[in-house]
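Written out below as structure tokens is the structure these notes cover.
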Amino acid sequence: ILLTTMEESELLKGIRQGKNKAFKMLYEQHYGVLCSVAYNYVGDSYLAETLAGDVIVKLWIEREHVQIERSIRMYLMKSVRNLCLDYIKSQYHRRELVASAYIEKSLNTRLIEDPNLGRLLERELEDKISEAVAAIPLESRRVFMLSRYHDMSYQEIAQDLGISVNTVKYHIKQALVILRERLGRYMEM
């Protein structure tokens, strides 16, 4: 049931005044739709319910400062969409970090576990790593080397090179993709 403009302005007024009845009405009118929107992005009903609830609670907490230009429902749907996209990005970034750590650990562990194999493969592996790093495009290679070999944070690299943190993340991702492609065989030994 969509509210009329008058009813919606009264609901918004009640929310801004912190009236519990307004919060209850907000929840009853919009929670189900927000869950559906969130589910379309994340594909998990429990997570969708959590994200939808988070958006409603955030609106309630920030009610005195929130600027709603069109309708409450449109505001909430956009908020859920943005929260879902942020969640998806954070999950992707988390997987990239885990994959990077796995590659580094795997490369190091293989050489330590079997000393004979380690010595035999050490030169070949060093050459392959050098070749793989050389195959990374110049800008991505610079960023990757600052991150991995000089232990600089993304923020420090961004400041040092005069680029954004997102650009640093992009270059790291590009470097890891190339390394995975070229060194994957060595990780499966």
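The values are calculated or read from the model by the stated rules, or taken from the named source; none is laboratory data. Since this is a predicted model, take the numbers as computed values, not measurements. Methodologically, a virtual Cβ is constructed for each residue, glycine included, from the backbone with ideal geometry; neighbour enumeration extends over all protein chains shown. The protein model used for the area step is the full one, side chains on, heavy atoms only, and it has no ligands, DNA or RNA in it. Shrake-Rupley method; radii C 1.70, N 1.55, O 1.52, S 1.80 Å.
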request  = Please state which of the following conditions Lys58 fails to meet, knowing it meets all the rest: (1) surrounded by fewer than 15 Cβ atoms within 10 Å (Cβ to Cβ); (2) within 15 Å of Tyr27 (Cα to Cα); (3) at pLDDT below 85.
outcome  = (3)
request  = Check Gly43, Gly14, Gly18, Gly32 and return the single one that is buried (at least 16 other Cβ atoms within 10 Å of the Cβ) and of a type outside the set (A, V, I, L, M).
outcome  = Gly14
request  = Select from segment 61-72 the residues that are touching a residue at least 40 places away in the same chain (Cβ under 8 Å) and open to solvent by 40 Å² or more (accessible area, probe 1.4 Å) and write down the one among them that is nearest to Ala22 (Cα to Cα).
outcome  = Arg63
